[in-house]
Amino acid sequence: MPFIAFVFIFLSFLSFSFSQSSPPKGTLIDCGATASSIIGGRQWLTDAGFISKGTPKKLTIPVTTPILSTVRSFPLENNLHHKFCYVIPVFRGAKYMIRTTYFYGGINGNAAPPVFDQIVDGTLWSVVNTTADYANGMSSYYEGVFLALGKTMSLCIGANSYTDSDPFISALEFVILGGSLYNSTDFNRYGLSLVARHSFGYNGSIIRYPDDRFDRFWEPFGVKEPSISKNKNLSVSGIWNLPPAKVFETELTTDQFGPLELKWPPGPLQNNMYYIALYLADGRNSSTGTSRMLNISINGIIYFKNFTVTQAGAAVFATQWPLGGVTTVTLTPAAGSSISPVINAGEVFEVTVIGGRTLTRDVRAMEDLKKSLQNLPIDWNGDPCLPRQYSWTGIKCSDGPRIRVVSLNLTSMGLSGSLSPSIARMTALTDIWLGNNNLSGSIPDLSSLKMLQTLHLENNQFTGDIPLSLGSINDLRELFLQNNHLTGPIPNSLVGKPGLDLRTSPGNQLSLPSPS
């Protein structure tokens, strides 16, 4: 029997208003657009303030909605496993629905759209493959639920080797979710990546805001025989995931007493753990005196037994259920029940293990370093270390649960600017190689870097004294300072230090220390 992390039924005795007068709170970004716009009563911003890389492009073919008319495209050439990141201000500790939308429109000249990765902070979220949708003239969207662990979150487009075309994005949404939504998931350890969300027995357009207060998309799922749909008008009580009332207006049931078998989600699944939630309500007249009781199974394994469906509505869910391939949901009348099964809606998410984050003090130090340097590598965005295959150019990071930056190698990168004193906060650094650039200013105090073994600053434009504090770093084995504009005496603590390869000439105006 598969492992069920958590199975729970929630019935609320307090009625809940499903209407929502104000739009969902969050940030909506029309990627590649040149001006903000109001669409559906909600403001869409340009992406200029959230990302500095990539090229805005305008599609030349008709689109179904304005947000599909432009994209931001990112260069694939020389950028394999480099990421391009949107950085979004968020509220620390809040859950966000992140939705990315893609419509290719031939913007890169190839007939088929590119295939690439999308990344949330340090987590490889999913591969973006819009080929099938685009062949049918449709856009594609991906939706996930993730926790904001800091004051910003990043959504990154990652260039991989699947295709030879530039990756792109059409639209990006960060929407704050209510505290009750999906609250059985430990979002410090997991994220949720949407596989399917359907309103059963429904054949209209996608149900979304204002019916869904968080603008989640509930797609139609109108199956014919052996199941049929009915229209009904229910006053559903507050279910913790707050499905819109509209999904309870239709249902799937059977025209004969017996089991209801549903192939859902529609496509085969990868072998993984999944979060599954099913929503049910009984539309019959409550005066009948008989209750509708069901046994629910998935792929022949009991999911919930003797489940009572009432007019108030209820949900049953599991947070980690192993699935793979084609999935069959079966609802069978429980023993003693003479009423056919019914189902109104359902959600399936793939459970995504959070990839972690680089230690905050190192991230902040790297951000300060970014500000002090110029002509940086194009991929210095998002989490510096994660995902591993998308770590920033020129840095190496530690293994294990506590991710630290341990090495900087930006030799001959054409850098200019100065070396931020914040680099001294990255106390796990063992190697700093910044030679053959055009860096200027003074060398900061690095005495806190007790693990530092090599410091290469040769062939730059550094000025001022050699910091006395360098002599206090016991593990320092290489100190290359030649061809700068340094002045003053070489510190006593460095001259003749056992095991230290010290290079200060040519190119500096340094003197040996006075005899003690």
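The values are calculated or read from the model by the stated rules, or taken from the named source; none is laboratory data. Model, not experiment: these values are computed from the prediction. Note: ideal-geometry Cβ built from the backbone for every residue, glycine included; neighbour counts use all protein chains shown. The area values use the complete protein model at the heavy-atom level, side chains included, leaving out ligands, DNA and RNA. Shrake-Rupley method; radii C 1.70, N 1.55, O 1.52, S 1.80 Å.
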Q) For N129 and R361, what is the calculated FRET efficiency with R₀ set at 56 Å and r taken between the beta-carbons, to the nearest 0.05? A) 0.90
Q: May I ask for the angle, rounded to the nearest 10°, between helix 360-372 and the longest principal axis of the chain, with both axes built from Cα atoms and the value confined to 0 to 90°?
A: 60
Q. Going toward the positive end of the dipole of the chain, with +1 on Lys and Arg Cβ and -1 on Asp and Glu Cβ, which of I119, S193, T70 do you reach last?
A. S193
Q.
What's the magnitude of the charge dipole for the range 26-177 around its Cα centre, counting Lys and Arg as +1 and Asp and Glu as -1 at the beta-carbon? Answer in Debye, nearest 20.
A. 420
(Q) Below 14 Å, Cα to Cα, which aspartates and glutamates can K370 reach? Residues fewer than 8 away in the same chain don't count. (A) D362, D379, D383
Q: For every helix of n ≥ 4 consecutive DSSP H residues, a contribution of -39,500 (n - 2.57) applies; sum these over the chain, divide by its total residues, and give [θ] at 222 nm rounded to the nearest 500 deg cm²/dmol.
A: -1000 deg cm²/dmol
Q) Considering only the chain, what is the antiparallel percent among its DSSP beta bridges, to the nearest 5? A) 80
Q | Heavy-atom accessible surface of the chain: percent carbon and sulfur, 1.4 Å | A | 52
Q. Label 7 Å along Cα→Cβ of K450; the range 411-428 residues with amide nitrogen under 12 Å?
A. 427-428
Q | Gain in span if fully extended, Q43 to R503, counting 0.36 nm per residue against the direct Cα distance | A | 159.8 nm
Q. Which aspartates and glutamates have a Cα less than 17 Å from the Cα of K25, not counting those fewer than 8 places away in the same chain?
A. E143, E173, D211, D212, D215
Q: Round to a whole angstrom and tell me the spacing of the C-alpha centers of the range 342-368 and the range 97-176.
A: 16
**Q.** the range 26-177 - accessible surface per residue (Å², probe 1.4 Å)
**A.** 39
Q.
Suppose each label sits 7 Å from its Cα in the direction of the beta carbon; what would the S180-A335 distance come out to in nanometres?
A. 3.4
Q. Residue farthest toward the positive end of the dipole of the chain, with Cβ of Lys/Arg at +1 and Asp/Glu at -1: which of Y142, P56, L457?
A. Y142
Q: Run through the DSSP bridge list for the range 360-503 and note the antiparallel percent, rounded to the nearest 5.
A: 20
Q | Magnitude of the charge dipole, the chain, Cβ model with Lys/Arg +1 and Asp/Glu -1, debye to 20 | A | 780
Q) Only one of the listed values, [x] 28.9, 105; [y] 28.6, 91; [z] 24.9, 88, was derived from the coordinates as Rg and Dmax of the Cα atoms in Å; which label is it? A) [x]
**Q.** Accessible solvent surface per residue of the range 352-495, calculated while the other protein chains remain in place, 1.4 angstrom probe, Å²
**A.** 40
